[in-house]
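Heads up, the thing below is written out as structure tokens.
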Amino acid sequence: DGGITQSPKYLFRKEGQNVTLSCEQNLNHDAMYWYRQDPGQGLRLIYYSQIVNDFQKGDIAEGYSVSREKKESFPLTVTSAQKNPTAFYLCASSSTGKTIYFGEGSWLTVV
Amino acid sequence: GQSLEQPSEVTAVEGAIVQINCTYQTSGFYGLSWYQQHDGGAPTFLSYNALDGLEETGRFSSFLSRSDSYGYLLLQELQMKDSASYFCAVRDLRDSSYKLIFGSGTRLLVRP
């Protein structure tokens, strides 16, 4: 079935540690996105990519990094520079920008 | 910059009609989308308006007025399962990008 797969579903990070969230899509979509959602809050754009080997910062890119080496994949690294990374992370993709499709999300907790 | 404003919470009774408003400010505008998110889940697409007027999809309708930078989502015959958060979103066309910005969301509580 076509869709967006995020992994892991739950992740724990120690202080000073980098972690990478995986996002894979088989919808043949050009655009991919990463959003962060804090409890009871809206979605804030971290990074987005419209084509392979190109990506743009969103509103809260500091402390995060991404790569887009393949059309299907858009991994997000939460670096140690991100001081408050505990949140729900959502990956999404789109072919037109009109409608975006989300993965099931990844919960990241700092321990 | 871009910004979207929505009410933070709305409460309604099962079977009633509820309207969730969204006002936006963007440098360029392509269209207004609406998404539904249940607690702990991922947002799912509900509707999209590029032109002024009303779009109807079953019990849900969405309206857009580009001159007023305003839209709303109308939910009819409310059911308990409609209790969720609803987000409006706009695509910013300043640089022909697919950048999609979301509002802070409206939490809808449907009471029996």
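Here is how the numbers come out for the structure above:
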item: Scan of the range A:80-107 for residues that are over 24 Å from A:LEU27 (Cβ atoms), within 13 Å of the chain's Cα centre (by Cα) and not small (Gly, Ala, Ser), ordered by number; result: A:PRO85
item: Residues being charged (D, E, K, R), over 30 Å from A:TYR10 (Cβ atoms) and more than 14 Å from chain A (Cβ to nearest Cβ) - total across the range B:55-83; result: 5
item: Residue within the range A:100-107 that is assigned to a loop (DSSP other than H, G, I, E, B), in contact with a Phe, Trp or Tyr (Cβ under 6 Å, 6 or more places away or on another chain) and more than 27 Å from B:PHE29 (Cα to Cα) present; result: yes
item: The range B:31-48, residues that are crowded, with 17+ Cβ neighbours inside 10 Å and over 17 Å from B:GLN6 (Cα atoms); result: B:ALA42
item: Sole residue being more than 12 Å from A:ARG36 (Cβ to Cβ), within 14 Å of another protein chain (Cβ to nearest Cβ) and free of Cβ contacts under 8 Å to residues at least 40 places away in the same chain, chosen from A:LYS70, A:LYS98; result: A:LYS98
item: Qualifying residue in the range B:93-105 (condition: under 27 Å from A:TYR89 (Cβ atoms), away from chain A (no Cβ under 13 Å), surrounded by fewer than 18 Cβ atoms within 10 Å (Cβ to Cβ) and not acidic (Asp, Glu)); result: no
item: Selected residue (only one of A:PRO39, A:PRO85 is outside any strand (DSSP E or B), more than 20 Å from B:LYS99 (Cα to Cα) and either away from chain B (no Cβ under 13 Å) or hydroxyl-bearing (Ser, Thr, Tyr) (or both)); result: A:PRO85
item: Contacts under 9 angstrom Cβ, first residue in the range A:45-64 being among the acidic types (Asp, Glu), partner at pLDDT 95 or above, 6 or more apart; result: A:ASP54/A:ARG68; A:ASP59/A:ILE46
item: A:ILE46 being outside any loop (DSSP other than H, G, I, E, B) and modelled with pLDDT of 90 or more; result: yes
item: The one condition in (1) surrounded by 15 or more Cβ atoms within 10 Å (Cβ to Cβ); (2) more than 30 Å from B:PHE29 (Cβ to Cβ) that A:GLU69 fails to fulfil; result: (1)
item: Qualifying position, being touching a Gly at 6+ places or on another chain (Cβ under 9 Å), among the acidic types (Asp, Glu) and over 28 Å from A:CYS23 (Cβ atoms), among B:GLU14, B:GLU77, B:GLU55; result: B:GLU77
item: Conditions (1) surrounded by fewer than 20 Cβ atoms within 10 Å (Cβ to Cβ); (2) within 14 Å of chain B (Cβ to nearest Cβ); (3) farther than 23 Å from B:GLN37 by Cα; number of the one not met by A:SER49; result: (1)
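This table checks each residue for (1) at pLDDT below 95; (2) polar (S, T, N, Q).
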{"site": "A:PHE74", "(1), (2)": "no, no"}
{"site": "A:THR77", "(1), (2)": "no, yes"}
{"site": "A:ALA81", "(1), (2)": "yes, no"}
{"site": "A:LEU90", "(1), (2)": "no, no"}
{"site": "A:SER95", "(1), (2)": "yes, yes"}
{"site": "A:THR99", "(1), (2)": "yes, yes"}
{"site": "A:GLY103", "(1), (2)": "no, no"}
{"site": "A:TRP107", "(1), (2)": "no, no"}
{"site": "A:VAL111", "(1), (2)": "yes, no"}
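The values are calculated or read from the model by the stated rules, or taken from the named source; none is laboratory data. Everything numeric in this text was worked out from a predicted model, so none of it was measured. Glycine gets a Cβ as well: all are built from the backbone with ideal geometry, and neighbour counts include every protein chain shown.
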